[in-house]
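In what follows, a single structure is set out as structure tokens and then discussed.
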Amino acid sequence: MNRVLTNLLRSGNIRAVALRSLQVSLCVTFMAAAASAGAAPLSGRAEAIDGDSLVIKGHEIRLFGADAFEFHQTCGRMKCGEIAADTMRQLVEGKTVVCEKQDTDHYGRTVAICRTKCTPAVTCDLGQEMVRRGLAVAYRHYSMRYVPDETAARRARAGAWAHGFDAPQTWRQQHPRTS
């Protein structure tokens, strides 16, 4: 690139130098914009691992801002962890899921906001849907995004809110070998 600009400068063709400089500036600007916009969304058929984790094309994804009940966790007499995992399977089964990366967690998983068609006419945010159904809580340590949905689920006594529970994070600390 420098050689091209040097040759243009030597030729005395100011117009060509200006045009090449503009091209280089635009290229750098577009590259910077693309880098700041983040990676392209990951999309495809998803397989549910549990209530807040999926796999798409071999990439393990953790839902951003929602913390679902652990598989072996119970909430009163409700098997809330199993129900959370089953619900996530139903939400993604046979559908295309689109995930927008937000971060990478300490396990190396992509942390993302993931969406799919909950009905033919309605696209839903999977983390939000799990919180609304009372099968996950807002993961306040990382985001306040789903706090209003959690408040609504608690007031409606949706899912685990009707039975009482330990927060998933607390349950994991108390049951390190089963989470």
Reported set for segment 112-128 where residues are hydrophobic (A, V, I, L, M, F, W, C) and in a loop (DSSP other than H, G, I, E, B) is A121
Residue pairs qualifying under the 6 Å Cβ cut-off, at least six apart or on distinct chains, with the first in segment 161-177 being modelled with pLDDT of 95 or more and the second being part of a helix (DSSP H, G or I), are W161/A153; W161/R154
When segment 71-81 is checked residue by residue, the ones that are surrounded by 23 or more Cβ atoms within 10 Å (Cβ to Cβ) and either of a type in the set (V, I, T) or in a loop (DSSP other than H, G, I, E, B) (or both) are Q73
Scanning for something surrounded by 13 or more Cβ atoms within 10 Å (Cβ to Cβ), modelled with pLDDT of 90 or more, within 22 Å of the chain's Cα centre (by Cα) and not in a loop (DSSP other than H, G, I, E, B), does segment 30-43 turn up at least one residue? yes
**Asked** Quick check: anything in segment 71-92 assigned by TED's automatic domain parsing to the domain that holds Q128, acidic (D, E) and either at pLDDT below 95 or in contact with a helix residue (DSSP H, G or I) (Cβ under 7 Å, 6 or more places away or on another chain) (or both)?
**Response** no
In segment 139-162, residues that are at positive phi and surrounded by fewer than 17 Cβ atoms within 10 Å (Cβ to Cβ) total 1
| said: Condition first: surrounded by 15 or more Cβ atoms within 10 Å (Cβ to Cβ), without any contact (Cβ under 8 Å) to a residue 40 or more places away in the chain and not in a loop (DSSP other than H, G, I, E, B). Can you find one or more residues in segment 103-111 that meet it? | reply: no
Of the listed residues (R109, R115), the one being closer than 22 Å to A167 by Cβ, in the same structural domain as Q169 (by TED's automatic domain parsing) and either within 17 Å of the chain's Cα centre (by Cα) or of a type in the set (S, T, N, Q) (or both) is R109
Looking for something surrounded by fewer than 16 Cβ atoms within 10 Å (Cβ to Cβ) and either over 15 Å from the mean Cα position of the chain (by Cα) or among the β-branched types (V, I, T) (or both) - is there at least one such residue anywhere in segment 122-137?
yes
Determine, yes or no, whether D67 is in the same structural domain as A167 (by TED's automatic domain parsing), among the acidic types (D, E), surrounded by 14 or more Cβ atoms within 10 Å (Cβ to Cβ) and farther than 21 Å from P176 by Cβ.
no
Return yes or no: is R145 over 18 Å from the mean Cα position of the chain (by Cα), closer than 18 Å to D67 by Cβ and among the charged types (D, E, K, R)? no
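The values are calculated or read from the model by the stated rules, or taken from the named source; none is laboratory data. Note that the coordinates shown come from a computational prediction; the quantities given were computed from them, not determined experimentally. Quick reminder, even Gly has a Cβ in these numbers, built from the backbone with ideal geometry, and neighbours come from all protein chains shown.
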